[in-house]
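To start, the structure under review is shown below, and the notes come after it.
The values are calculated or read from the model by the stated rules, or taken from the named source; none is laboratory data. Everything numeric here is computed off the predicted structure, so don't read it as measured data. We place every Cβ from the backbone using ideal geometry, glycine too, and count neighbours over all the protein chains shown. What goes into the accessible areas is simple: the full protein's heavy atoms, side chains included, and nothing from ligands, DNA or RNA. Shrake-Rupley method; radii C 1.70, N 1.55, O 1.52, S 1.80 Å.
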Amino acid sequence: MLELDHIEKYYNAGTVHEMCMFHDFSMTIGDGEFVSVVGSNGSGKTSLLNIICGSIPLDAGAIRMNGRDITRMSEFRRQRQIGRVYQNPAMGTCPTMTILENMSLADNKGKSFNLRRGTDKKRIDFYREQLHSLGLGLEDKLHVKVGVLSGGQRQAMALLMSTMTDIEFLILDEHTAALDPKTAEIIMELTGKIVREKGLTSIMVTHNLRYAVEYGNRLVMMHQGHAIMDAAGQEKAAIKTKDILDKFNEISIECGN
């Protein structure tokens, strides 16, 4: 379970450009939930992810992971329990290293690095098996540098690598936004498959309203640092893309657009 307890976050505090992103904001995400988060630019979606991952600090409030207070825990320590896939496929992999080296790096996340070889030959068959599950033929390209792969192939690898270790939470930060429509569909299908098979608690920020409707068992719409829609279970299953569009239009009119 992930709990955000009365959090506060200000940008440019104490200046004429001060902006309040979150004020007394609370949210609880239960074990096994797959939460799709939508909202306009500046609504707080990415800030929410950055706060959870520890990329930006809180001004007040607390974050608890399975009852443990992680508010002051460093970002790299949180990554032992959190896997994250970014919008830019280049951010989840190392382009100058081979597929095999990338897989080995991900496999050793959170472990101590001693004076031993970076790649364990005993794990190569396991890596091939994992890559084969993607259905992209990458299992036959272990010694190819990741930098020559397509954006979709790299994002599929990033998704796989982020979930190789025993993480508890998967953070998806608009992970299909930079991909063409066909590749985005492949990545979303892989996402759904991995989340189901591993039973991960997941949070996915997306601008694709259809994905928000079709994937996950909870849908949250953010606006100006508030959750103005929060539907789960059967209520979420009944939501149509048009319902979200209508809510966006309602917000736009209220804002004078």
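So the values come out like this:
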| read-out | value |
| --- | --- |
| Close pairs from the stretch 54-67: first at positive phi, partner among the hydrophobic types (A, V, I, L, M, F, W, C) and open to solvent by 60 Å² or more (accessible area, probe 1.4 Å), Cβ under 7 Å, at least 6 apart | Asn66/Met1 |
| Complete set of residues in the stretch 56-113 that are in contact with a helix residue (DSSP H, G or I) (Cβ under 6 Å, 6 or more places away or on another chain) and polar (S, T, N, Q) | Thr93, Asn102 |
| Set Glu189, Glu168: member being within 28 Å of Asn108 (Cα to Cα) and without any contact (Cβ under 8 Å) to a residue 24 or more places away in the chain | Glu189 |
| Pairs with Cβ under 9 Å, 6+ apart, first in the stretch 94-107 and free of Cβ contacts under 8 Å to residues at least 40 places away in the same chain and over 11 Å from Met161 (Cα atoms), second of a type outside the set (S, T, N, Q) and assigned to a helix (DSSP H, G or I) | Glu101/Val146 |
| Residue in the stretch 47-62 that is farther than 28 Å from Gln153 by Cα and modelled with pLDDT under 90 present | no |
| Residues of the stretch 125-136 satisfying the condition of being over 10 Å from Asp107 (Cβ atoms) and at pLDDT 90 or above | Asp125, Arg128, Glu129, Leu131, His132 |
| Counted residues, the stretch 44-54 - those being under 13 Å from the mean Cα position of the chain (by Cα) and within 15 Å of Tyr11 (Cβ to Cβ) | 6 |
| Filter result (of a type in the set (Val, Ile, Thr) and not in a helix (DSSP H, G or I)) within the stretch 119-141 | Thr119 |
